[in-house]
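To keep things clear, I will list the structure first and then write my remarks on it.
The values are calculated or read from the model by the stated rules, or taken from the named source; none is laboratory data. A quick note: this is a predicted structure, and the numbers were derived from the prediction, not measured. Methodologically, a virtual Cβ is constructed for each residue, glycine included, from the backbone with ideal geometry; neighbour enumeration extends over all protein chains shown.
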Amino acid sequence: MRIGRRRNRRGSDPADGLPVVVRLEDAVRRYGEGQAAVAALDGVSLDFGPGTFTAIMGPSGSGKSTLLHCAAGLDRVDGGLVRLVGQDPARLSRRALTELRRDHTGFVFQAFNLIPTLTAKQNVELPVRLAGRTPDADRVAHSLERVGLADRADHLPTQLSGGQQQRVALARALVTRPRVLFADEPTGALDIRSSREVLALLRDTVARSGTTVIMVTHDPVAAAHAQRVAFLADGRLAGDLAGASAERIAARMTLLESGRWADGQGGREATRPGEEGAVRARD
C-alpha cells in the first residue's frame, strides 16, 4: 500500500486488492467544550492492512492511546470515519459493537488484567465463557503452548512472573483468533528479557496467523520490532518509518519532542528504497 493512493469503496487498495482491516479517515476526537476543548485527534488518516505489525509512537499527550481506543471501538470519534473489520463502530448498537470486538479483536494492555483467583488456563478461557460458549480445550491448550506456558496452565497469576502474566494475557487475547490485536504499552511493565519474549510473540502472531497488530509504545526498542512506526504529534500524523532501527526511531522521537516536525522536518521516510507504509498523512 502507498501513501495518498485512492481506495475503492470496498475498503481495499485498488493496486493490490488487499482489504483494509482497520481504517481511520480524517478522524477527530475532542475532549472538553468551548475554548477549553482539546483535540486529542485532529484529522488523522491511517490504514492497517491484514498481517501487518504497526507501532504508534509520539510525545506524551500526542493522542496515541486515543487513536488506539477509537480504532478499537472503545471510544467514538467526533468527526471523520473509523472502519473496524469493515464496519463503522459509531453506527452499531451496543450489543453489535460488543459482538464485533468479541469476535474480531483482541486486547493486551500494560496492566495484565488477569483475574487473580483464576488459573492461567481459566483466564485464557474467560473471553469464550463471557461470550456464552464452551471453551475448546485443545484451542486453550494450544494458545498457552504458543506463548510457552503449557506447563503453567494451572498456576495462579501470583505464581507467575510479570512476563509470564503478560504472556497469559496474550494467550487470552489470541484464543478467539482475532483479526486484529490492539496492544497498549504491552511491555511497559516488563524487564528487558520479558519484553523481548512478548515482542517476539507479537511478531510470530503476525507471521503465523496473519493477525493485524497495532501497538502503542513509548519504547524505540519495542517499536523496532514492528514493520512500520507511525508517529503522532499534537493529535496529528507526523510521518512514519518502515523497517527502522531503534536508533533511527529514537532520533525521530527526539525531533518530534523538540517540536521541529511542524517545520516540515518530521515527514515520512522509508528506510529502504521503495519501502513504504500505509500511512496517508494529511498534515
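Looking at region 182-229, which of its residues are in contact with a strand residue (DSSP E or B) (Cβ under 7 Å, 6 or more places away or on another chain) and on the phi > 0 side of the Ramachandran plot?
Glu185
Check Gln87 against each of (1) under 20 Å from the mean Cα position of the chain (by Cα); (2) buried (at least 20 other Cβ atoms within 10 Å of the Cβ); (3) not acidic (Asp, Glu) and name the one condition it does not meet.
All conditions are met except number (2).
Could you tell me how many of the residues in region 137-153 are assigned to a helix (DSSP H, G or I), within 12 Å of Val168 (Cβ to Cβ), free of Cβ contacts under 8 Å to residues at least 40 places away in the same chain and not hydroxyl-bearing (Ser, Thr, Tyr)? Even if it seems obvious, please write down each step before you answer.
At the first step, the residues of region 137-153 found to be assigned to a helix (DSSP H, G or I) are 137-146, 150-152.
Okay, now just the ones that are also within 12 Å of Val168 (Cβ to Cβ), so 140, 143-144, 146, 150, 152.
Now narrow it down to the ones that are free of Cβ contacts under 8 Å to residues at least 40 places away in the same chain: 140, 143-144, 150, 152.
If we keep only those that are not hydroxyl-bearing (Ser, Thr, Tyr) as well, we get 140, 144, 150, 152.
Summing the residues that are assigned to a helix (DSSP H, G or I), within 12 Å of Val168 (Cβ to Cβ), free of Cβ contacts under 8 Å to residues at least 40 places away in the same chain and not hydroxyl-bearing (Ser, Thr, Tyr) in region 137-153 gives 4.
The conditions are (1) surrounded by 15 or more Cβ atoms within 10 Å (Cβ to Cβ); (2) under 30 Å from Leu149 (Cα atoms); (3) under 19 Å from the mean Cα position of the chain (by Cα), and Asp103 fails exactly one of them. Which is it?
(1)
Within region 236-248, track down each residue that is assigned to a loop (DSSP other than H, G, I, E, B) and buried (at least 23 other Cβ atoms within 10 Å of the Cβ). Let's see the steps before the verdict.
Looking only at region 236-248, we keep the residues that are assigned to a loop (DSSP other than H, G, I, E, B), and these are 243-245.
Matches in region 236-248: Ala244 only.
Any residue at all in region 121-131 that is modelled with pLDDT of 95 or more, surrounded by 15 or more Cβ atoms within 10 Å (Cβ to Cβ) and not in a helix (DSSP H, G or I)?
no
Condition (residue is over 26 Å from the mean Cα position of the chain (by Cα) and more than 19 Å from Pro178 (Cβ to Cβ)) applied to region 141-149: is it met by at least one residue?
No, region 141-149 has no match at all.
Can you confirm whether region 106-113 contains a residue that is surrounded by 15 or more Cβ atoms within 10 Å (Cβ to Cβ) and assigned to a helix (DSSP H, G or I)?
Looking through region 106-113, none of the residues is surrounded by 15 or more Cβ atoms within 10 Å (Cβ to Cβ) and assigned to a helix (DSSP H, G or I).
Identify, please: which residue in region 92-111 is in contact with a helix residue (DSSP H, G or I) (Cβ under 8 Å, 6 or more places away or on another chain) and free of Cβ contacts under 8 Å to residues at least 60 places away in the same chain and is, among those, farthest from Arg167 (Cα to Cα)?
In the first step, residues of region 92-111 are kept if they are in contact with a helix residue (DSSP H, G or I) (Cβ under 8 Å, 6 or more places away or on another chain); the result is 92, 97, 100, 102, 106-109.
Now narrow it down to the ones that are free of Cβ contacts under 8 Å to residues at least 60 places away in the same chain: 92, 97, 100.
Details: Leu92: 32, Leu97: 26, Leu100: 24 Å.
Among them, the one singled out is Leu92.
Is it the case that Thr117 is touching a residue at least 40 places away in the same chain (Cβ under 8 Å) and surrounded by fewer than 20 Cβ atoms within 10 Å (Cβ to Cβ)?
Working: touching a residue at least 40 places away in the same chain (Cβ under 8 Å): no; surrounded by fewer than 20 Cβ atoms within 10 Å (Cβ to Cβ): yes.
So Thr117 fails the test.
Among the numbered criteria (1) in a helix (DSSP H, G or I); (2) within 27 Å of Gln227 (Cα to Cα), which one does Ala90 miss?
(2)
Of all the residues that make up region 58-87, how many are closer than 15 Å to Arg179 by Cβ, in a loop (DSSP other than H, G, I, E, B) and among the aliphatic types (A, V, I, L, M)?
Number of matching residues: 2.
Yes/no per residue for (1) at pLDDT below 95; (2) under 30 Å from Val124 (Cα atoms):
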site: Met1; (1), (2): yes, no
site: Ala15; (1), (2): yes, no
site: Glu33; (1), (2): yes, no
site: Ala36; (1), (2): yes, no
site: Leu46; (1), (2): no, no
site: Leu84; (1), (2): no, yes
site: Asp103; (1), (2): yes, yes
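I want to confirm something. Restricting to region 158-175 and keeping residues that are touching a residue at least 40 places away in the same chain (Cβ under 8 Å), surrounded by fewer than 20 Cβ atoms within 10 Å (Cβ to Cβ) and part of a helix (DSSP H, G or I), which single residue is nearest to the chain's Cα centre (by Cα)?
Of everything passing the filter in region 158-175, Gly162 is nearest to the chain's Cα centre (by Cα).
Can you find even one residue in region 216-227 that is closer than 25 Å to Ser60 by Cβ, in contact with a Phe, Trp or Tyr (Cβ under 7 Å, 6 or more places away or on another chain) and part of a loop (DSSP other than H, G, I, E, B)?
Checked region 216-227: at least one residue is closer than 25 Å to Ser60 by Cβ, in contact with a Phe, Trp or Tyr (Cβ under 7 Å, 6 or more places away or on another chain) and part of a loop (DSSP other than H, G, I, E, B).
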